[in-house]
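J.: Below you'll find the structure I mean.
Read the figures in this text as sums done on the coordinates, not as results from a lab. Bear in mind that the values here come from a model prediction, so they are computed numbers and not experimental data. Cβ placement follows ideal geometry from the backbone for every residue including glycine, while neighbour counts extend to all protein chains displayed.
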Amino acid sequence: MIADNLSTVKASIPSGVKLIAVSKTKPEEDILEAYEAGQRVFGENKAQENQRKAANLPTDIEWHFIGHLQRNKVKYIAPFVSLIHSVDSIKLLKEINKQALKNDRIIDCLLQFYIATEETKFGLSLQEANELLNSEEFASLTNINIVGVMGMASNTSDEKKIKGEFLDLNNIFQQLKSGFFASNDSFSEISLGMSGDYQLAISAGSTMVRIGSSIFGKRNYIS
Ligand SMILES: *Cc1c(COP(=O)(O)O)cnc(C)c1O
C-alpha cells in the first residue's frame with residue numbers, strides 16, 4: 001500500500017522538487033516500507049518521537065523537522081537532523097546554534113512564515129524576518145545555515161486563496177534572497193505544499209513538498 005502510494009505521489013512531482021515523506025505519528029514499520037521502496041527523506045514534528053525513530057531506523061535517512069519546535073527540545077534532534085523547517089524566532093535559532101556547536105555540526109534551517117489567515121498557525125512576518133536577519137545576534141551565529149523559507153496555507157478548499165498565500169511566500173523568498181542572500185547559493189528552498197495542495201504549491205514555485213496522508217494514509221489523531 002505505502003509503496004504504491006509513494007510511487008503515485010512521486011510520479012506526480014517534477015524531478016526538481018524534493019519529496020519529504022511526512023511520517024509523524026506513524027510506526028517505524030511504515031517508514032521502513034517507504035524506505036525499502038526507495039524513499040530517504042522523512043518529516044517528523046515531535047522531537048522525542050523523531051529521536052526514537054532516528055535511533056531505530058537506517059542511518060542514511062535524512063530527517064526533516066517540520067513541526068513547531070520548543071527550545072528545550074532542540075537537543076533531542078540536533079545530533080542528526082538534516083533540516084529544520086520551522087524556525088520562527090531568534091531565540092530558537094540561538095538554541096539551534098548552541099546545540100549544533102555541541103554536536104560539531106552546522107544545521108540547515110528554513111524560516112517559517114505566517115501566510116495563512118488562521119491563528120493556529122505559527123511563523124514570522126516579513127518585517128520580523130528582516131529584523132532577525134539584520135540583528136547582531138543573528139550575525140554571531142556560526143553553526144546555522146538559513147537555506148530558505150517554509151509556509152502553510154489556510155485550511156480551506158478555496159484554491160484561489162491557497163494559491164495567493166503560496167505566492168505570498170514566493171514573494172517573501174524573493175525579497176529575502178535579494179536583500180540578504182544574493183551571493184549565497186544555498187538560500188534556495190521554498191518548502192510549501194501538503195497532500196491536499198501540493199500541485200498548487202509546485203505551480204507557485206515550491207522546491208520541497210511535505211506529504212503525509214497521501215503516502216501513509218490518514219493519521220489517527222490530529223497533530
Ligand atoms: C502533517 C504536516 C504535513 C503533511 O500533511 P498531509 O496533509 O498529511 O500531507 C505537512 N507539513 C506540516 C508542517 C505538517 O505538520
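J.: Looking at (1) touching a Gly at 6+ places or on another chain (Cβ under 8 Å); (2) closer than 19 Å to Leu111 by Cα, can you tell me which one Ser23 breaks?
T.: Ser23 satisfies all of (1) touching a Gly at 6+ places or on another chain (Cβ under 8 Å); (2) closer than 19 Å to Leu111 by Cα except (2).
J.: Looking at (1) over 17 Å from Gln127 (Cβ atoms); (2) crowded, with 22+ Cβ neighbours inside 10 Å, which is the one condition that is false for Leu169?
T.: (1)
J.: Kindly establish whether Asn184 is over 17 Å from Pro14 (Cβ atoms), without any contact (Cβ under 8 Å) to a residue 12 or more places away in the chain and either touching a Ser or Thr at 6+ places or on another chain (Cβ under 9 Å) or not aliphatic (A, V, I, L, M) (or both).
T.: Working: over 17 Å from Pro14 (Cβ atoms): yes; without any contact (Cβ under 8 Å) to a residue 12 or more places away in the chain: yes; either touching a Ser or Thr at 6+ places or on another chain (Cβ under 9 Å) or not aliphatic (A, V, I, L, M) (or both): yes.
In short, yes.
J.: Can you find even one residue in segment 79-97 that is over 18 Å from the mean Cα position of the chain (by Cα), farther than 27 Å from Leu133 by Cβ and among the charged types (D, E, K, R)?
T.: no
J.: Any idea how many residues of segment 127-153 are over 23 Å from Phe166 (Cα atoms) and in contact with a Leu (Cβ under 7 Å, 6 or more places away or on another chain)?
T.: 4
J.: Could you list, in sequence order, all residues of segment 1-44 that are away from the ligand (no atom under 16 Å from the Cβ), in a loop (DSSP other than H, G, I, E, B), over 18 Å from Ile66 (Cα atoms) and not hydrophobic (A, V, I, L, M, F, W, C)? Give the steps one after another, and end with the answer.
T.: From segment 1-44, those away from the ligand (no atom under 16 Å from the Cβ) are 3-4, 7, 11, 14-16, 28-29, 32-33, 35-38, 40; that's our starting set.
Narrowing the set further to residues that are in a loop (DSSP other than H, G, I, E, B) leaves 14-16, 37-38, 40.
Restricting the remaining residues to those that are over 18 Å from Ile66 (Cα atoms) gives 14-16, 37-38.
Pro14, Ser15, Gly16, Gly38, listed by residue number.
J.: Next question, about the same structure. Look at Glu118 and say whether it is over 17 Å from the mean Cα position of the chain (by Cα) and within 16 Å of the ligand (Cβ to nearest atom).
T.: Details: over 17 Å from the mean Cα position of the chain (by Cα): yes; within 16 Å of the ligand (Cβ to nearest atom): yes.
Against the criterion (over 17 Å from the mean Cα position of the chain (by Cα) and within 16 Å of the ligand (Cβ to nearest atom)), Glu118 qualifies.
J.: Moving on. Only one residue in Glu159, Glu131 is over 27 Å from Leu101 (Cα atoms), of a type outside the set (Lys, Arg) and more than 17 Å from the chain's Cα centre (by Cα). Which one?
T.: Values: Glu131 fails: over 27 Å from Leu101 (Cα atoms).
Step by step, each of Glu159, Glu131 is checked, and only Glu159 is over 27 Å from Leu101 (Cα atoms), of a type outside the set (Lys, Arg) and more than 17 Å from the chain's Cα centre (by Cα).
J.: From the residues in segment 45-85 that are of a type in the set (Ser, Thr, Tyr) and away from the ligand (no atom under 16 Å from the Cβ), which one is surrounded by the fewest Cβ atoms within 10 Å (Cβ to Cβ)?
T.: Residues of segment 45-85 that are of a type in the set (Ser, Thr, Tyr), as a first pass: 59, 76, 82.
Of the ones still in play, those that are also away from the ligand (no atom under 16 Å from the Cβ) are 59, 76.
Values: Thr59: 7, Tyr76: 20.
Step by step, filter segment 45-85, then rank; the result is Thr59.
J.: Please give the number of the condition Ile96 fails out of (1) in contact (Cβ under 8 Å) with a residue 40 or more places away in the chain; (2) out of contact with any helix residue (DSSP H, G or I) (no Cβ under 7 Å at 6 or more places or on another chain).
T.: (2)
J.: Same structure, new question: Restricting the search to segment 188-213, which residues are in contact with a helix residue (DSSP H, G or I) (Cβ under 6 Å, 6 or more places away or on another chain) and not β-branched (Val, Ile, Thr)?
T.: Across segment 188-213, the qualifying residues are Leu192, Gly193, Ser195, Asp197, Leu200, Ala201, Ala204, Gly205.
J.: Follow-up. Any residue that is over 29 Å from Arg105 (Cα atoms), away from the ligand (no atom under 16 Å from the Cβ), in contact (Cβ under 8 Å) with a residue 24 or more places away in the chain and in a loop (DSSP other than H, G, I, E, B) - is there at least one of those in segment 188-208?
T.: Scanning segment 188-208 turns up at least one residue that is over 29 Å from Arg105 (Cα atoms), away from the ligand (no atom under 16 Å from the Cβ), in contact (Cβ under 8 Å) with a residue 24 or more places away in the chain and in a loop (DSSP other than H, G, I, E, B).
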